[in-house]
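Student: Structure below; questions to follow.
The values are calculated or read from the model by the stated rules, or taken from the named source; none is laboratory data. Since this is a predicted model, take the numbers as computed values, not measurements. With ideal geometry, Cβ positions are generated from the backbone for all residues, glycine too; neighbour counts draw on all protein chains shown. Surface accessibility is based on the protein's heavy atoms, side chains included, excluding ligands, DNA and RNA. Shrake-Rupley method; radii C 1.70, N 1.55, O 1.52, S 1.80 Å.
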Amino acid sequence: MPIVIAGGSGFLGQALAKALAQDGHEVVVLTRRAPAMSHEGPRAVAWTPDGSVGPWAAIISGAAAVVNLAGESIAAKRWTAAQKQRIRESRLLATRSLAGAIERAHPPPPVFISGSATGYYGALGDEIATEEYPAGSDFLAHVSQDWEAEAMAAHARTRVVCVRTGLVLAREGGALQKMLPPFRVGAGGPVGSGRQYWPWIHRQDWIDLVRFAIRHPAVTGPLNATAPAPVTNAEFAGALGRALRRPAFMPAPAFALRLLLGEMADALLLSGQRAVPAKAERLGYTFRFKRVDDALSSIFGR
């Protein structure tokens, strides 16, 4: 009974696939590129995530779980109208294909873990966002709502978990890697006002939380994949400076970020959510890294 991962070649997907393989699972990665023959790593199956169900769907029947991490990076390019459309369609169509495959599967997988984001809640101030908090109204909030709706189409045949992921911290890859250059030379610091909350999670906790969701039938619906103690951007910058033993007081002005990145600056850097993992903690998940200082110290070996 394999675990199938769509988006298994990315920053989170590769780490999850490796961890599940170490647990003893057979891992199958759905890829848009024709897979090369290899005896190392997870088995690859080519698919076309266009909203339809193709021959690849045979691997869904009898799978132990399906994990959906497919989608265009939200931070890869400036948000033109065309790029926003790619961000949206890459998530919705891939999820629709997987939900359709689950609908036809015999037997269906017992659980469908589908990606989402804390952007579901929109731009918030100090309000604490548990999984019960209402959805926001900006671009990422609308994408996340529709993304989750596509996943929930499978709930008649399987348990569905929508993992609302925050800022995932790891040394290689992800947002942290992009932040490091100015911090390493002592030019890092808060962005904008620094008062916006950044919901973060260590990548190991993210992996373990997905494992937890696969194993525990009580986990269903939205699940905040964030550490219990979200911090403001200024607090995060200070913690990163301490981990690197570098000063972290050089602010990045909001107007400059807006000139450089456009709409993406407000959505990804200048706003945030004080999201907390209420459901995970209520159901018994124990975080390895609750404090951002501990998480960053583990990453940089301090």
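Residues are listed down the side, and each one gets a yes or a no for (1) open to solvent by 20 Å² or more (accessible area, probe 1.4 Å); (2) at pLDDT below 95:
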{"site": "A213", "(1), (2)": "no, no"}
{"site": "R245", "(1), (2)": "yes, yes"}
{"site": "P253", "(1), (2)": "yes, yes"}
{"site": "R258", "(1), (2)": "yes, yes"}
{"site": "L261", "(1), (2)": "yes, yes"}
{"site": "D266", "(1), (2)": "yes, yes"}
{"site": "R288", "(1), (2)": "yes, no"}
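Student: Condition test on L209, is it buried (at least 21 other Cβ atoms within 10 Å of the Cβ), closer than 29 Å to R258 by Cβ and either free of Cβ contacts under 8 Å to residues at least 24 places away in the same chain or touching a strand residue (DSSP E or B) at 6+ places or on another chain (Cβ under 7 Å) (or both)? Don't jump to the end; show me each part of the working.
Tutor: Numbers: buried (at least 21 other Cβ atoms within 10 Å of the Cβ): yes; closer than 29 Å to R258 by Cβ: no; either free of Cβ contacts under 8 Å to residues at least 24 places away in the same chain or touching a strand residue (DSSP E or B) at 6+ places or on another chain (Cβ under 7 Å) (or both): yes.
Spelling it out, it is not the case that L209 is buried (at least 21 other Cβ atoms within 10 Å of the Cβ), closer than 29 Å to R258 by Cβ and either free of Cβ contacts under 8 Å to residues at least 24 places away in the same chain or touching a strand residue (DSSP E or B) at 6+ places or on another chain (Cβ under 7 Å) (or both).
Student: In segment 238-289, which helices (runs of 4 or more DSSP H) lie fully inside it and hold 1 or more residues that are over 22 Å from the mean Cα position of the chain (by Cα) and aromatic (F, W, Y)?
Tutor: Numbers: elements: 254-261, 263-268, 278-282.
Because the criterion is at least 1 residues that are over 22 Å from the mean Cα position of the chain (by Cα) and aromatic (F, W, Y), the helices (runs of 4 or more DSSP H) in segment 238-289 that meet it are 254-261.
Student: Further, regarding this structure: Could you list all residues from segment 259-286 that are of a type in the set (K, R), out of contact with any Phe, Trp or Tyr (no Cβ under 8 Å at 6 or more places or on another chain) and touching a residue at least 12 places away in the same chain (Cβ under 8 Å)?
Tutor: Within segment 259-286, the subset of a type in the set (K, R) is 274, 279, 282.
Still in the list and also out of contact with any Phe, Trp or Tyr (no Cβ under 8 Å at 6 or more places or on another chain): 279, 282.
Answer for segment 259-286, where residues must be of a type in the set (K, R), out of contact with any Phe, Trp or Tyr (no Cβ under 8 Å at 6 or more places or on another chain) and touching a residue at least 12 places away in the same chain (Cβ under 8 Å): just K279.
Student: So, one more: Output the residue which, of all residues in segment 181-206 that are part of a helix (DSSP H, G or I) and in contact (Cβ under 8 Å) with a residue 60 or more places away in the chain, is most open to solvent (accessible area, probe 1.4 Å). Spell out how you get there, then give the answer.
Tutor: Keep residues of segment 181-206 that are part of a helix (DSSP H, G or I), which gives 181-184, 203-206.
Imposing the further condition that a residue be in contact (Cβ under 8 Å) with a residue 60 or more places away in the chain reduces the set to 182-184, 203-206.
Numbers: P182: 53, F183: 14, R184: 105, R203: 40, Q204: 55, D205: 0, W206: 5 Å².
Per the stated criteria, the residue is R184.
Student: A further question on this structure: Among the residues of segment 179-216, which ones are more than 23 Å from the chain's Cα centre (by Cα) and among the polar types (S, T, N, Q)?
Tutor: S193
Student: Right, something else. Based on what the data block shows, is A57 over 22 Å from the mean Cα position of the chain (by Cα), open to solvent by 10 Å² or more (accessible area, probe 1.4 Å), farther than 20 Å from A153 by Cα and modelled with pLDDT of 95 or more? Please lay out each step first, then the result.
Tutor: Values: over 22 Å from the mean Cα position of the chain (by Cα): yes; open to solvent by 10 Å² or more (accessible area, probe 1.4 Å): yes; farther than 20 Å from A153 by Cα: no; modelled with pLDDT of 95 or more: yes.
So A57 fails the test.
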